[in-house]
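Comments concern the structure below.
The values are calculated or read from the model by the stated rules, or taken from the named source; none is laboratory data. Model, not experiment: these values are computed from the prediction. All Cβ positions, glycine included, derive from the backbone under ideal geometry; neighbour counts span all protein chains shown.
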Amino acid sequence: MSLIVTGAAGHLGRLVTERLLTRVPPEDLILVTRRPDALRELGARGADVRYGDFDRQHSLRAAFAGGERMLLISTDAVGHRVRQHRAAIDAAAAAGVRHVVFTSIVNPVAANPLGANAWEQGMTESMLERSGLAWTSLRFGTFAELWLPHAATAVKNGQLVTNSGRGRMAPISRADCAEAAAVALTTDGRSHKTYDIVGPEALAPTGLAALYAEVSGKSVKVVTLTDAIMQSMLVAIGTPVSTSLAITGFGRAVRHGYFDVAGHAFERLTGRSPVTLRDVLVAQRADLLGVA
């Protein structure tokens, strides 16, 4: 069984590839990337490393040739992903790929305050459903690793500044997302199914502050701001406007419950529980929280 991983040189792509190498021989892997040189080591181990660029559709059919199942890792080109993902899905169908596993996001709907970060994923899911291919959608919660700088800042300042109100989220480690993707790609019975891949514990800002304090041994209090004040503060400290809008939109999405998603899909896929945000923080305690 030949397995394609797109975006294979990225953070998630590399993790998925390592998980796949524990399940299948390297010769079964087709690793597609814009930077083949970055995967030279995996090529030396026997994986087939190929050039493919979602902005150059002519490159994709050859890149996907011979693959039976494909992991379509969402690109990071917000505002352009529908076009890019459509190119990849069309090329996969033309190349004879039978099943596409897509990395989506929880609640990928137009009303989600994340804007294009969310609805583009929902559009891609709809394209897959209409493609005639077998498909699986893995809707990831927020990556736990993305909260490490947030934790470091909160501990340093003694304040967790947020506009997410009492909203909750259940962070999931990137490694666990990779494990879920590897399982979905290599096992049968996943066709035409959607899985919410979220962490084991939903945390509001008060829970996050308590966790940061526990791990660091320092006091952290919650400071709640309105969306307007949060965005103004971010811009005032030098954050680009586009980034400040994205951060504020994320807080608003959490506040309105778009990330308050629970479930046991990860356990059903992998047979084990996901690691906690606490586990991720403790693993990086010295470097990222600035404590001994």
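Points worth noting:
- Residue within segment 12-28 that is assigned to a strand (DSSP E or B), touching a Cys at 6+ places or on another chain (Cβ under 8 Å) and at pLDDT 95 or above present: no
Residues are listed down the side, and each one gets a yes or a no for (1) under 30 Å from residue 134 (Cα atoms); (2) of a type in the set (D, E, K, R); (3) surrounded by fewer than 18 Cβ atoms within 10 Å (Cβ to Cβ); (4) in contact with a helix residue (DSSP H, G or I) (Cβ under 7 Å, 6 or more places away or on another chain):
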position: 173; (1), (2), (3), (4): yes, no, no, yes
position: 206; (1), (2), (3), (4): no, no, yes, no
position: 218; (1), (2), (3), (4): no, yes, yes, yes
position: 242; (1), (2), (3), (4): no, no, yes, no
position: 249; (1), (2), (3), (4): no, no, no, no
position: 264; (1), (2), (3), (4): yes, no, yes, no
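- The condition (being within 23 Å of residue 135 (Cβ to Cβ), of a type outside the set (S, T, N, Q) and assigned to a helix (DSSP H, G or I)) is satisfied by just one residue among 77, 62, 38, 8: 62.
- Residue 222 vs. criteria closer than 15 Å to residue 164 by Cβ, surrounded by 13 or more Cβ atoms within 10 Å (Cβ to Cβ), in contact (Cβ under 8 Å) with a residue 24 or more places away in the chain and touching an Asp or Glu at 6+ places or on another chain (Cβ under 8 Å): no
- Scanning segment 59-71 for residues being in contact with a helix residue (DSSP H, G or I) (Cβ under 6 Å, 6 or more places away or on another chain) and either farther than 19 Å from residue 141 by Cβ or not hydrophobic (A, V, I, L, M, F, W, C) (or both) gives a total of 6.
- When segment 238-267 is filtered for residues that are free of Cβ contacts under 8 Å to residues at least 60 places away in the same chain and either touching a Cys at 6+ places or on another chain (Cβ under 7 Å) or within 23 Å of residue 193 (Cβ to Cβ) (or both), the ones remaining, listed by number, are 264, 267.
- For segment 164-174, the criterion of being over 19 Å from residue 216 (Cα atoms) and without any contact (Cβ under 8 Å) to a residue 60 or more places away in the chain is met by no residue.
- Residues of segment 73-132 that are more than 24 Å from residue 262 (Cβ to Cβ) and among the charged types (D, E, K, R): 76, 81, 83, 86, 90, 98, 120, 129, 130.
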